[in-house]
Amino acid sequence: MLTYTRFNLNEREELSRYLAMNYSYRQIANMLERSASTICREVQRRSTKRASYRAVLAHHQAQSIARIPRRERKLSSNKKLQRIVVKYLQKRWSPEQIAKKLRILYSDDMAMQVSHETIYAYVYVHPRKHLRRQLLFYLRRKHKYRRIRKVRQKTYPIQDYISIEDRPKEITDRKVPGHWEGDLIMGTGNRSAIGTLVERTTRWLLLVKIKSHDAASVRQAFTRKFSHLPTRIKHSLTYDHGQEMAQHKAFTQRTKIRVYFAHPHSPWERGTSENTNMLVRDFFPRGTDFSKIASHELKKVQNLLNDRPRKTLNWNSPNEAFAKIVALES
């Protein structure tokens, strides 16, 4: 299989000379070590007929077009490619699957190859709204918008923290109650949030209304929430490296709850919290503005989840499991 590279000026000059000598596309392809279809496309794109092809003019046109962002032109201008992409989208193929298939079907034709990112861009920025809605419907993940990757703001490492590696074995085994996992669920645009605190042994959940997701606000909200619980069932809290827990030492001093930090980007180390957040998202999907969610609404969802039977609890509910522990500890 020939590896495609763009035409350079020297190749275009040779092509122009061979065309003037009336060689066929296949003969020229053999001499330039290109496919005949590549030679044919080059001539058709840069001139109205063989005799009018000029190397310098063709090269200038190619460079001008290359400066135009590809996403704005390839699928919009190539109707054949556009039809094929839409056909596979209708079959519920992912953009990545389509891109890989095109590379196999048209291995020597770059004009019929397109990246999955270009397909996504074509779908999400389509100028005709009704067609955009239809194309979005074909995507398996039917987001109305595609989130733009933003430059991460500079953050500062958590100071004087205790690693999850130093967490006692009794916490990992879930045999001793009173050990919690915590997290924030972010609202639309990361401008609002709620806190989740879940007890590891019973999966008993507390949803926390917070004014802001800065460290001071989170510390105060979590401290208030834990203050209503018996001391014997609040021993530790496992958290990620989010900046909202930067005041963990002040939190521990006030509540006597030791905070352990999971490794960065390791959500599996807080599996109970991650699973619980997924359950909460059923009630508050992405895009929810938590500043508009009243405390009694959080309480209602909290009660619904704590009353739900769980397989991991032998089909008892978190409320039932937590009540048994409180009774035994009394």
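A few comments on the model shown:
- Residues of region 257-290 with amide N under 18 Å of the 7 Å Cα→Cβ point at residue 241: 259-271
- The slack between residue 249 and residue 170, meaning 0.36 nm per residue of separation minus the straight C-alpha distance, is 26.2 nm.
- By average C-beta atoms within 10 angstrom, highest first, the peptides 240-249, 280-289: 240-249, 280-289
- Computed from Cα atoms, the angle from the helix 295-306 axis to the main principal axis of the chain rounds to 90 degrees.
- Summarising the amide proton neighbourhood of residue 310: residues at separation of 5 or more, or on other chains, whose placed amide H is nearer than 5 Å comprise 315, 316, 317.
- Over the chain, the hull volume per residue, using the convex hull of the C-alpha atoms, is 204 Å³.
- For the chain, the longest principal axis of the C-alpha atoms and the axis of helix 129-138 are separated by about 70°.
- Judged by the gyration tensor of its Cα atoms, with axes a ≥ b ≥ c, region 9-66 is prolate; a/c meets the 1.5 cut and a/b is the larger of a/b and b/c.
- At 1.567 mPa s and 4 °C, Stokes diffusion of region 162-329 via Kirkwood alpha-carbon radius, µm² per second: 80
- Centre-to-centre, using Cα atoms only, region 1-63 and region 208-234 are separated by 71 Å.
- Under-5 Å amide H pairs with residue 183, H placed in peptide plane, nonlocal only: 196
- Nearest-ten-degree value, helix 95-105 long axis tilted from longest Cα axis of the chain: 30
- Highest average packing first - 99-110, 208-219, Cβ atoms within 10 Å: 208-219, 99-110
Quick note: the coordinates plus some simple rules give every number you see, no bench work behind them. All figures in this text were calculated on a predicted structure; none of them were measured in a lab. Methodologically, a virtual Cβ is constructed for each residue, glycine included, from the backbone with ideal geometry; neighbour enumeration extends over all protein chains shown.
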